[in-house]
Amino acid sequence: MNTNTIRPSGAVTIALIFAGTLLALVIVGHAWRDRERAQLRTDSLKAELADKQRLSASHAEYSAVLRDMRPVLARFEQRLPNRLDPSTIERALREQATFAGVEIVSVHFDKEKLREFYAGLDAQLVVQGSTAKFLAFTQILQRDSPPRKISALTMGSGDATATVSADMTVTYFRYVEDSE
């Protein structure tokens, strides 16, 4: 039996250990970089997931709000006309004024203003009559359909004794179709 085995010399052994250590350091360095990349990707995905979960929670809240608002919108669509005709509005105003016992001296309509889902048409009125009858007229305006708003009111003494003259703006609203 041959007991002579080839053993590397001390310099070769040191060179092999050094090469193995370098190779191990390169492998460990790549593993650390890969781990850092994986950690950054994981953190990025976690942040993205958190954002999407916030959006999802917000979506649920917005969906609930939207669901609650749909009946209100449906009521508005039913109450608001699809178009506003100034001559029809003027005729109705004059009838309401006659019913209340006041006189409309003048009526002027501004250009219709479009908003998000509705449009507004301002009617500038000059009305004369007794204070009580003028108040009755404004109550009729506020209760009647379609919905309207008295947005400006300036009062002074009228031509006759115990009368008032009022300059007022009454805004009429209509529903705006999506196609407009």
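The values are calculated or read from the model by the stated rules, or taken from the named source; none is laboratory data. Just so you know, these numbers come straight off a predicted model, no measurement behind them. All Cβ positions, even for glycine, are placed from backbone atoms using ideal geometry, and neighbour counts span all protein chains on display. Areas reflect the complete protein model, heavy atoms only, side chains present, ligands, DNA and RNA absent. Shrake-Rupley method; radii C 1.70, N 1.55, O 1.52, S 1.80 Å.
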7 Å from Cα along Cα→Cβ at both Thr42 and Leu66: what's the point-to-point distance in nm? 3.6
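State the percentage of accessible surface on the range 26-165 attributable to carbon and sulfur atoms; use a 1.4 Å probe and exclude ligands, DNA and RNA.
56
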Excluding exposed DSSP-loop trypsin sites (Lys or Arg not before Pro) (at most 14 other C-beta within 10 Å), longest clean stretch of the chain: 1-82
Please find, in a Gaussian network model of the chain (springs between Cα atoms separated by less than 10 Å), the residue of Thr13, Thr163, Thr98 whose mean-square fluctuation is greatest. Thr13
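Which value, in nm² and rounded to one decimal, describes the direction-averaged projected area of the C-alpha convex hull of the range 65-143?
Average projection, Cα convex hull of the range 65-143: 6.4 nm².
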Dividing the convex hull volume of the alpha carbon atoms of the range 20-84 by its residue count, what do you get in Å³ per residue? 86
In nm, spacing of pseudo-spin labels at Glu112 and Thr98 (7 Å Cα→C-beta vector): 2.7
Can you tell which of Gln39, Leu121, Val26 lies farthest toward the positive end of the dipole of the range 1-129, using +1 and -1 charges on the Cβ of basic and acidic side chains (Lys, Arg; Asp, Glu)? Val26
Phi to ³J(HN,Hα) by Karplus 6.51 cos²θ - 1.76 cosθ + 1.60 over the range 115-128, Hz, x for Gly, Pro: 10, 4, 10, 9, 10, x, 10, 8, 10, 8, 10, 10, 10, 10
Looking at the range 59-167, which GluC sites (Glu not before Pro) are in a loop (DSSP not H, G, I, E or B) and have at most 10 other Cβ atoms within 10 Å? Glu116
3J(HN,Hα) from dihedral phi, the range 54-63, Karplus parametrisation 6.51/-1.76/1.60, rounded to Hz, x for glycine, proline: 4, 4, 4, 5, 5, 4, 4, 5, 5, 4
Percent of Cα-Cα distances greater than 29 Å, calculated over the range 30-180: 46
Qualifying lysines (Cα of each under 24 Å from Cα of Lys113; at least 8 residues distant if same chain): Lys149
Loop-located chymotrypsin sites (Phe, Trp or Tyr not before Pro) in the range 27-124 whose Cβ has at most 16 other Cβ within 10 Å (DSSP): Phe117
Enter the Cα centre distance for the pair the range 120-142 and the range 17-76, rounded to the nearest angstrom. 61
Modelling each spin label as a point 7 Å along the Cα-to-Cβ direction, I'd like the Ser151/Ile27 distance in nm, to one decimal. 7.9
Using a cut-off of 17 Å between alpha-carbon atoms, which aspartates and glutamates can reach Lys133, once sequence neighbours fewer than 8 places away in the same chain are excluded? Glu95, Glu103, Asp144, Asp159, Asp167
Suppose every Lys and Arg Cβ carries +1 and every Asp and Glu Cβ carries -1, with no other charges. What dipole size does the chain come out with about its Cα centre, to the nearest 20 debye? 1000
Looking at Gln139, Ser157, Ala92, which one has the Cα that reaches farthest to the positive end of the dipole of the chain (charges on Cβ: Lys, Arg +1; Asp, Glu -1)? Gln139
